[in-house]
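Structure first, then comments.
The values are calculated or read from the model by the stated rules, or taken from the named source; none is laboratory data. All values derive from a computational prediction rather than experimental measurement. Glycine gets a Cβ as well: all are built from the backbone with ideal geometry, and neighbour counts include every protein chain shown.
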Amino acid sequence: MSNRSDHHQEISEQNLTGYWQSNLRLLAKLLTVWFLVSFGCGVVLADWLDQYSLFGFKLGFWFAQQGAIYAFVALIFIYAWQMKILERKFGVDDDKERSS
Amino acid sequence: MTTQVLTYLFVGASFLLYIGIAIWSRAGSTKDFYVAGGGVHPVMNGMATAADWMSAASFISMAGIISFMGRDGSVYLMGWTGGYVLLALLLAPYLRKFGRFTVPDFIGERYYSKTARIVAVICLIFISFTYVAGQMRGVGIVFSRYLEVDVSTGVIIGMAVVFMYAVLGGMKGITYTQVAQYCVLIFAYMVPAIFISIMITDNPIPQLGFGSEVNDGSGLSVLQKLDSVLIDLGFNAYTAGTKSTIDVFAITAALMFGTAGLPHVLVRFFTVPKVSDARLSAGYALVFIAILYTTAPAVASFARLNLVDTIHNSSYEQAPQWFSNWEQTGLVSWEDKNADGIMHYSAGSENEVKVDRDIMVLANPEIANLPGWVIALVAAGGVAAALSTAAGLLLVISSAISHDVLKQTLMPNISEKQELLFARLAAAVAVCVAGLFGIYPPAFVAQVVAFAFGLAAASLFPALLLGIFYKPMNKEGAITGMLAGLIFTFSYIVYFKFISPQLNTTEHWLFGISPEGIGSIGMLLNIICALGVSKITRPPPLEVQNLVDDIRIPGGAGVAHQH
């Protein structure tokens, strides 16, 4: 079961920890945004936001039925892009593997 | 050509396409059968995931539900898309790196326990069969209305097609069929939506259309007009909610975490070549899903406005053709309570018209007087949505049986050839069971949808999350947590839905949370129990801790390996 491949034995313990800590920090930031656009703007603050208007929608309603979904899409692509940068920085990327 | 001939042509042509793909992409090994050989392009996998995810419920029922719930329907829109963020950030890349075949595989290996694996298999089978039953009902409705065949015949035709590509092709056949099915279903959804948006507001983009002005010269936007029309008829305003904030919060959370824990969605991310592809693929999947999910609320508001306009205060004699077409299916009905020959639609007891939510998408093209080929397209789209999801679910059921129960637990000595044969047999049996569900639908189908998401959120999601992010989590903790979440959520739903349905009101609910949202409490309970028990029992063995280190690093994913 301990199938750690040769690939990572070349990577220093320090880089592994650094990579994982940076990943967790990035996750914390993105999940905060995820929470704010859906549970924040779409649920808890929605009634208050309804006093403003956007493209003819009440703002809270727009977040709940449109805005949150657009934000979700953006969050995943930002994560994929930032992780690629992190992985190259710490030398743990999968660039050399069979590409798609 | 009549609409019916067109419908036969469209649905028939789509079936031929699916069967053609099935023959072209036959599975040759267990790896082909379980994870499509592990070489699916991320965009292709995104499309397949979207088709897998968008079921008959998303295609046929969701806009209808929102149409009648108004703002309260937002929980489904946010819940069923927000889960993909959790999936992409917290689970998919790590499960891909782990690189085996099924979700119970991960639970069994990470928690070094056959018990944990079997608990995961039980959760998986329960979640997936609940879901399949709903798909078969969708196929039945489409066939009985559009092709005017018996519901049973419709289900049997549908099952025969799924049988062809699921049993022959396994994951490989299903993946490429789902790509085709996505194209059919999204085209079928968007065409009428764009037509109707132009008709009502002159704006060709439905997502913007339902905020635009209605082109009747009133100067009101669609939502403003809908609010005022509905209030006049005694309904709640469309853009105002009736559910309490805490309940909306809990339901949205249960749907999100449940989405991220659904086995048939998770397993799709085992099929891409490497870890970074799993992340990208989840992003593409959500783009393809978002196209439909941002259109649905627009369709919902247009359809409600259209419905009130065409039905309310019009005489039954001059009722449009669609009304009598759908009356035959029992999905709309009119009872002339005051014997004046006029249809009254309102919230109070004087209401004379009953409308089933499922017709809001299916009848929409007819209500809006769109040409016959659009109606035929919607029929083909509805069938594609139902079949693609059914196939994905049947595959996870059959691989859990052949791989986790037989190969990994009961009969470890069978060869790969025998395992593949068992996988095909299990898929065949699952198809037949699902077919029976469709022909003899259990009365509780509609009642138990909350089960699938609540149980996934309360059982599988925390076990996967803690397995990746909390290294000291051990088998005792994980098994206790899964069972606690599962039993609590299951009992709460059964109590309020079946044992004492008369008590199913806000004042009796725990913290004011409805059975639909209770999965989020079940999830917290699972995490608390798992953490508590893991503190007082032995930590996991060293090789499991090494496994956790290994899945956290993207490099070296290789291909899905045999073990």
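Would you mind stating whether residue B:357 is buried (at least 22 other Cβ atoms within 10 Å of the Cβ) and basic (Lys, Arg)? Taking the combined requirement at face value, the residue does not satisfy it. In region B:85-98, the residue that is farthest from the other protein chains (Cβ to nearest Cβ) out of those that are crowded, with 24+ Cβ neighbours inside 10 Å and within 18 Å of residue A:69 (Cα to Cα) is B:87.
Taking the stated definitions as given, is residue B:94 closer than 24 Å to residue B:274 by Cα and at pLDDT 85 or above? It is true that residue B:94 is closer than 24 Å to residue B:274 by Cα and at pLDDT 85 or above.
Looking at residue B:500, is it of a type in the set (Gly, Ala, Ser), in contact (Cβ under 8 Å) with a residue 40 or more places away in the chain and more than 14 Å from chain A (Cβ to nearest Cβ)? Criteria not met by residue B:500.
Residue B:261 falls short on exactly one of the conditions (1) within 12 Å of chain A (Cβ to nearest Cβ); (2) under 30 Å from residue B:94 (Cα atoms), and that condition is (1). Taking region B:163-217 as the search range and keeping residues that are at pLDDT 85 or above and assigned to a loop (DSSP other than H, G, I, E, B), which one is farthest from the other protein chains (Cβ to nearest Cβ)? Step by step, filter region B:163-217, then rank; the result is B:204. Here B:516, B:507 are screened, and the one residue that is among the acidic types (Asp, Glu), in contact with a Gly (Cβ under 9 Å, 6 or more places away or on another chain) and more than 17 Å from residue B:112 (Cα to Cα) is B:516.
Listed here are the residues, each with its yes/no results for (1) away from chain A (no Cβ under 14 Å); (2) assigned to a loop (DSSP other than H, G, I, E, B); (3) buried (at least 24 other Cβ atoms within 10 Å of the Cβ); (4) of a type in the set (Phe, Trp, Tyr).
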position	(1), (2), (3), (4)
B:224	no, no, no, no
B:241	no, yes, no, no
B:254	no, no, yes, no
B:297	no, no, yes, no
B:303	yes, no, yes, no
B:308	yes, no, no, no
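Of the residues B:10, B:15, B:59, the single one that is crowded, with 24+ Cβ neighbours inside 10 Å, in a helix (DSSP H, G or I) and in contact with a helix residue (DSSP H, G or I) (Cβ under 6 Å, 6 or more places away or on another chain) is B:59. Would you confirm whether any residue within region A:12-27 is of a type in the set (A, V, I, L, M, F, W, C), surrounded by 17 or more Cβ atoms within 10 Å (Cβ to Cβ) and within 26 Å of residue B:212 (Cβ to Cβ)? Taking every residue of region A:12-27 in turn, none turns out to be of a type in the set (A, V, I, L, M, F, W, C), surrounded by 17 or more Cβ atoms within 10 Å (Cβ to Cβ) and within 26 Å of residue B:212 (Cβ to Cβ).
Filtered by the rule that a residue be buried (at least 24 other Cβ atoms within 10 Å of the Cβ) and either of a type outside the set (D, E, K, R) or modelled with pLDDT under 80 (or both), region B:62-72 gives B:62, B:63, B:64, B:66, B:67, B:70.
Those helices (runs of 4 or more DSSP H) of region B:326-412 in which at least 2 residues are of a type in the set (S, T, N, Q) and more than 25 Å from residue B:184 (Cα to Cα), considering only elements entirely within it, cover B:372-399. Residue count for region B:43-84 under the criterion of being acidic (Asp, Glu) and either closer than 20 Å to residue B:301 by Cα or within 12 Å of another protein chain (Cβ to nearest Cβ) (or both): the result is 1.
Can you tell me which residues in region A:50-69 are surrounded by fewer than 22 Cβ atoms within 10 Å (Cβ to Cβ) and at the interface with another protein chain (Cβ under 7 Å from one of its Cβ atoms)? A:55, A:56 - these are the residues of region A:50-69 that are surrounded by fewer than 22 Cβ atoms within 10 Å (Cβ to Cβ) and at the interface with another protein chain (Cβ under 7 Å from one of its Cβ atoms).
Screening residue B:169 against (1) out of contact with any Lys or Arg (no Cβ under 7 Å at 6 or more places or on another chain); (2) in contact (Cβ under 8 Å) with a residue 24 or more places away in the chain leaves a single unmet condition, (1). When each of B:485, B:435, B:481 is tested for being over 28 Å from residue B:171 (Cα atoms), at pLDDT 80 or above, of a type outside the set (Lys, Arg) and under 25 Å from the mean Cα position of the chain (by Cα), the lone residue that passes is B:485. Here the condition is being more than 14 Å from chain A (Cβ to nearest Cβ), at pLDDT below 75 and out of contact with any helix residue (DSSP H, G or I) (no Cβ under 8 Å at 6 or more places or on another chain); of B:335, B:317, B:327, it holds for B:317 alone. Just so you know, in region A:70-93 the residues that are facing chain B (nearest Cβ under 8 Å) and charged (D, E, K, R) include one that is surrounded by the fewest Cβ atoms within 10 Å (Cβ to Cβ), and it is A:84. Before we move on, is residue A:97 in contact (Cβ under 8 Å) with a residue 60 or more places away in the chain and facing another protein chain (nearest Cβ under 7 Å)? Criteria not met by residue A:97.
Of the numbered criteria (1) surrounded by fewer than 20 Cβ atoms within 10 Å (Cβ to Cβ); (2) within 14 Å of chain A (Cβ to nearest Cβ), the one residue B:551 fails is (1).
Among the residues of region B:511-555, the one identified as assigned to a loop (DSSP other than H, G, I, E, B), among the hydroxyl-bearing types (Ser, Thr, Tyr) and within 29 Å of the chain's Cα centre (by Cα) is B:514. Looking only at residues of region B:99-115 that are crowded, with 22+ Cβ neighbours inside 10 Å and part of a helix (DSSP H, G or I), we find that the one that is farthest from the chain's Cα centre (by Cα) is B:110.
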